[in-house]
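First up is the structure itself, then whatever we jot down about it.
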């Protein structure tokens with residue numbers, strides 16, 4: 001388990017200085033060869049480096065503003081939140097930047113970011129100077145990871161993060177005004193659980209969740225755990241279509257607002273799916289490495305052939 005503690009003011013200043021230095025070196029080398037991790041300057045693995053993001057060379061009064069935005073003036077308003085399972089933020093960074101600039105979400109959470117220590121925060125913040133980024137990358141294998149973009153007006157503060165086999169979590173606090181106390185604070189917890197997460201990781205994950213939600217202020221959990229899916233190849237479409245056709249929609253939707261009608265229709269369709277579409281049966285080899293999964297399938301087919309052959313023997 002890895003928990004990142006809150007940084008002291010001196011460490012925050014050290015991190016800002018390191019970001020300035022990383023930006024200066026990257027500008028001189030015309031590529032993203034250096035970054036910052038835990039207040040320290042780190043060199044990415046070469047010999048090939050990522051090119052500089054668009055507008056990276058743009059100069060401002062604050063040289064580090066392209067890496068770390070300044071806190072904005074908080075505004076009391078409704079909280080806007082966006083969540084997606086992006087399956088590689090590198091491949092969708094243009095879409096992410098577009099949504100951040102045009103929709104101005106307060107919280108923009110992503111799971112399955114597929115980032116590593118070779119990906120800099122400057123790359124993630126290119127073109128999104130009004131946001132802070134809080135990330136928790138998977139460290140033991142490819143894939144996974146969570147990421148939170150928090151607008152500067154929410155005054156975000158990182159609380160902790162969790163990295164254990166099969167789980168990545170990131171927790172931050174946001175505030176509605178400059179009086180950063182429990183009465184105007186909301187805790188945001190973003191979670192990703194891999195489909196093949198080991199059972200041994202469940203207990204420390206629950207402990208982390210209990211600890212993170214034990215605060216006096218409300219918490220919002222953003223969970224990307226895998227939900228059961230349906231096998232539509234075996235759906236009874238005749239009964240589903242018949243149920244829709246014989247339903248008296250004129251009576252059912254009369255005297256309902258658009259929102260109420262949408263809710264009624266969604267619940268009706270979901271009830272038909274529950275009744276006539278079976279759940280997807282998970283593969284028995286889903287927790288195996290790829291080569292073992294192929295071997296398992298071949299042995300299973302061979303076993304079935306042997307059983308059929310035995311039945312045919314007189």
(message) I'd like the full set of residues that are out of contact with any helix residue (DSSP H, G or I) (no Cβ under 8 Å at 6 or more places or on another chain) and under 21 Å from residue 188 (Cβ atoms), limited to the stretch 130-143.
(response) 134, 136, 137, 138
(message) Consider the stretch 259-297. How many of its residues are modelled with pLDDT under 70 and either over 30 Å from residue 244 (Cβ atoms) or in contact with a helix residue (DSSP H, G or I) (Cβ under 6 Å, 6 or more places away or on another chain) (or both)?
(response) 15
(message) Considering only the stretch 101-108, I want to know if a residue exists there that is in contact (Cβ under 8 Å) with a residue 12 or more places away in the chain, in the same structural domain as residue 185 (by TED's automatic domain parsing), within 15 Å of the chain's Cα centre (by Cα) and buried (at least 19 other Cβ atoms within 10 Å of the Cβ).
(response) yes
(request) Please give the number of the condition residue 113 fails out of (1) crowded, with 21+ Cβ neighbours inside 10 Å; (2) part of a strand (DSSP E or B). (result) (2)
(request) Could you grab me the full set of residues in the stretch 166-211 that are surrounded by 14 or more Cβ atoms within 10 Å (Cβ to Cβ), within 22 Å of residue 84 (Cβ to Cβ) and at pLDDT below 85? (result) 197
(message) For the stretch 74-91, give me the residue count where each residue is in a loop (DSSP other than H, G, I, E, B) and either in contact with a helix residue (DSSP H, G or I) (Cβ under 7 Å, 6 or more places away or on another chain) or crowded, with 16+ Cβ neighbours inside 10 Å (or both).
(response) 4
(request) Have a look at 214, 141, 160 and point out the one that is assigned by TED's automatic domain parsing to the domain that holds residue 106, at pLDDT 85 or above, loosely packed, with under 13 Cβ neighbours inside 10 Å and not in a helix (DSSP H, G or I). (result) 214
(message) For the condition modelled with pLDDT under 90 and part of a helix (DSSP H, G or I), what is the one hit in 245, 309?
(response) 309
(request) Look at the stretch 116-134 and say how many of its residues are part of a loop (DSSP other than H, G, I, E, B), touching a residue at least 60 places away in the same chain (Cβ under 8 Å) and under 16 Å from residue 150 (Cα atoms). (result) 4
(request) Name every residue in the stretch 1-30 that is under 17 Å from residue 116 (Cβ atoms) and modelled with pLDDT of 80 or more, in order of residue number. (result) 22
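The values are calculated or read from the model by the stated rules, or taken from the named source; none is laboratory data. Remember, predicted model here, so these are calculated numbers, not experimental data. So basically every Cβ, Gly included, is an ideal-geometry build from the backbone, and we count neighbours across all protein chains shown.
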